[in-house]
Amino acid sequence: MSDISEYAVLTKNLTKIYSSGSIGVKSLNLSVKSGEIYGLIGPNGSGKTTTLRIIATLLKPTNGEVYVYGVDVVKNPLEARKLMNYLPEEAGAYRDLTGLDFIKFMLSLRFTGRRLEEAIGEAIEIADLGGDLKKPIRGYSKGMKRILALSTVLASRPKLLVLDEPTIGLDVERSIYVRNIIRRYNREYGITVLLSSHNMLEVEYLCNRVGILYRGSLLIEGAIEELKNRVGGVNLEEVFLKVKGEVH
Amino acid sequence: MTLTPLLIREVKAFIKNPAFILSIVFIIGFYGILGRLMSTGIQTAVEQTLNMQIGVVLYDSSDFAVRVLSVANKTSGGRLQLVPSLEAGLSIYDIVVVIPSDFTIRVMELDKPINIESYIKINTISPVVSGAKTNIITVISDLIRKSISYVIAIERNIDPSLINKHVLMNTTLQVYGKIMKLEEYSTISFLMGFVPMMIAIIMGINAAYASQFTATEKVEKAFEMLLAQPIPRRNIVFAKIIGSIIASLLMGIAYFTGMFLILLSATTSTPNTIGNTTGLSVNIIEIVSGKIGFNALLVSIATIILGLIYSGALGITIGSIVSDERIAGALTAPIIFTFIGIGYALIFIGLPVNIITGVIAGITIAPLPVIALVSTMIGDFTVLTTSLLFAVLSTIVVMGIAIHIYNRDIVVLGLRISRFKLKERK
């Protein structure tokens, strides 16, 4: 039990087979250490979102075990959710609410009283939307909605942050802003981050360790420099292509 | 023409939506079965009523009265049966006509109308059966009037069409043992059809609201964030049910306020003599309190509350398993039509009120007020208790299903109905 709780995320033979018969992930053994930023990379359909959804307790695995700080996410999902927060791919917000109301709503599900006020203030600062926060979300751009959703997730300061493609659809400036803020929260508050991305540059910039998923299986995992040396690639893209090539 | 591709796109959006196709198939199938059941029930009821024997109490033993009755009996095909008293008649037949002792005297006096008392026993909630029985009274009244003219014409050797005596039929109904006037029964019959129908519509609208709200939340992409929060999923379901109930209640309050104002001022005057009204007025509120009792009213209110929870949970279940608003929208129509169909079916099929129909009413909820009304009138609450028990149970079950679904993958992945898969299975 003490081994399990050492890791922010630990999966053992995690398998997800959908009702259609398609395989989401296959015997996945993944370990994310506390305090690190871990990047899951892989092409579309490789199982990144499936893995993150299972960890975030949105999907149930067909087989295997998943622990978040030692808590079994299948047996005790509510306790696991208290330890983490999740930003889905293409996360949006309620169109009829204002940005400020959305922040208040999402954070009120976790906090009350003074802690809630503090979290709201923090989210407003992160979102940095100025006067637009008092306008209905239906008028927001995709980038504004993404930042708004991210602000509530970060301001909740969970022990584990699960981010599915955090910068997808964002322009260059906003992408850089999001990467910097993720990094800041990881360093300042010791928040463990597990993220998925298509953007290898982003992963190289942000992550301490990465895992390459392909067709539901983890091909390789380790620190970025270690992987480059092990495989002989100049960057992560080359590492990915070489590892994938070895499979074929 | 830019309209053509736009139109094709719009039509294709519906036709290629599996939920839309399934909805059409479901509506046709459901109403087909319902129609057949109702048709069979109505046909059986009408046939039984048309072949019904009628008891006649003859207090006027004059030769004239006997001859009139004999003519009337022959004309009706022998359906009139002499009985010694009203009580004896009602224990055998559903309709009893009482020929008074002054019948012949009144016939012979030109300025006096002929008053005949008639009694109808109604132990069904089917408006078709009760309507047919009350129509029989009109037929009997006309038959006696014509028989009087015929007998007088024979006696005096004159043309029967020259004789026109007015027969005034004063009808009393024994509805599930409760004595009431025809106009009072008309009001109760209206309520028996109207209240379940209204509850069914409210339930349908509520289910539609709930499914639309839930599907919209999924489309807004905030749903997964919400599911990842440290709150029990059942709380999300409860909040959604209560939310849809509030929305439906606001709509319902506005509607019922209007309806209540109509009921308060609703009076019906019934002509008892030709060209002259008796001034008898029927107030629905008085009838509800006097003949039905406010127990039935309370049950109706409880039914609305249960119905809203039930339909809210059902709508949330549907909204949570569909992938978008379009599919939820396509499923809205069958939800509403199913509730309306159920609301009507039990009444028009003409089933008796017993434990089995009580269970059906409990499971489908909308017909509960009818069960309450009948139970109150007969003074036996066994069926009503069973109905309410099943209504509460079915509501809990539907809520349980909604909570169960919220804890399954389907709430995130959505129900996928693909034509490809259907073909593959063939």
Most fluctuating of B:ALA65, B:ALA402, B:ALA210 in the GNM of chain B (C-alpha, under 10 Å) is B:ALA65
Starting from the Cα gyration tensor of the range A:5-93, take the square roots of the eigenvalues, sort them a ≥ b ≥ c, and report rounded, prolate or oblate (rounded when a/c is under 1.5, otherwise prolate if a/b is larger than b/c, else oblate).
-> rounded
For the residue pair B:ALA153 and B:ALA88, what label-to-label distance in nm results when each label sits 7 Å from Cα along the Cα-to-beta-carbon direction?
-> 3.4
Cβ crowding within 10 Å averaged over residues, with B:217-227, B:367-377, B:98-108 ranked highest first = B:367-377, B:217-227, B:98-108
Count the lysine pairs in the range B:52-175 whose Cα atoms sit under 22 Å apart, keeping only pairs 8 or more residues apart in sequence or on different chains.
-> 8
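Any of A:LYS134/B:LYS240; A:LYS60/A:LYS135; A:LYS104/B:LYS16; A:LYS82/B:LYS218; A:LYS60/A:LYS159 with alpha carbons more than 30 Å apart? Name them for me. Could you put the intermediate results ahead of the total?
Working: A:LYS134/B:LYS240 25 Å; A:LYS60/A:LYS135 37 Å; A:LYS104/B:LYS16 40 Å; A:LYS82/B:LYS218 22 Å; A:LYS60/A:LYS159 21 Å.
Violating the 30 Å Cα-Cα cut-off are A:LYS60/A:LYS135; A:LYS104/B:LYS16.
Once you have a ≥ b ≥ c as the square roots of the Cα gyration tensor eigenvalues for chain B, tell me rounded if a/c is under 1.5, and otherwise prolate or oblate according to whether a/b is larger than b/c. Could you put the intermediate results ahead of the total?
Details: a/c = 2.96, a/b = 2.43, b/c = 1.22.
Judged from the Cα gyration tensor, chain B comes out prolate (a/c at least 1.5, a/b above b/c).
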Per its Cα gyration tensor (rounded if a/c is under 1.5, else prolate when a/b beats b/c, else oblate), the range B:52-175 is best filed as prolate
Dipole axis of the range B:52-175 (+1 Lys, Arg; -1 Asp, Glu on Cβ), positive-most option in B:PHE64, B:ILE140, B:LEU168 | B:ILE140
Note to self: C-alpha centroids of the range B:12-91 and the range B:359-397 sit apart, in Å, by 26
Would you list which aspartates and glutamates come within 17 Å of A:LYS12, measuring only between C-alpha atoms, while excluding same-chain residues fewer than 8 positions from it?
-> A:ASP3, A:GLU65, A:ASP72, A:GLU221
For the range B:373-389, in order, what is each residue's ³J(HN,Hα) by Karplus, 6.51 cos²θ - 1.76 cosθ + 1.60 with θ = phi - 60°, in whole Hz (x at glycine and Pro)?
-> 5, 5, 4, 5, 5, 8, x, 10, 9, 4, 5, 5, 4, 4, 4, 5, 4
Calculate the translational D of the protein assembly as shown in whole µm² s⁻¹ from Stokes-Einstein, where the hydrodynamic radius comes from the Kirkwood formula applied to all Cα pairs, the temperature is 4 °C and the viscosity 1.567 mPa s.
-> 42
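How crowded by other chains is A:87-93, given as the mean number of beta carbons from other chains within 10 Å of each beta carbon?
Numbers: counts 3, 8, 2, 2, 7, 9, 4.
Average neighbour count from other chains, rounded to a whole number: 5.
What does the helix-only formula give at 222 nm for chain A: each DSSP H stretch with n ≥ 4 adding -39500 (n - 2.57), the total divided by the residues, and the result rounded to the nearest 500 deg cm²/dmol?
-12500 deg cm²/dmol
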Stokes-Einstein diffusion coefficient of chain A, Kirkwood radius over Cα pairs, 25 °C, 0.890 mPa s, in µm²/s | 132
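We did not get these values from a lab; they are worked out from the coordinates using the rules stated. The structure presented is a predicted model; accordingly, all values stated were derived computationally and were not measured. Every residue, glycine as well, gets a Cβ built from its backbone with ideal geometry; the counts of neighbours run over all protein chains shown.
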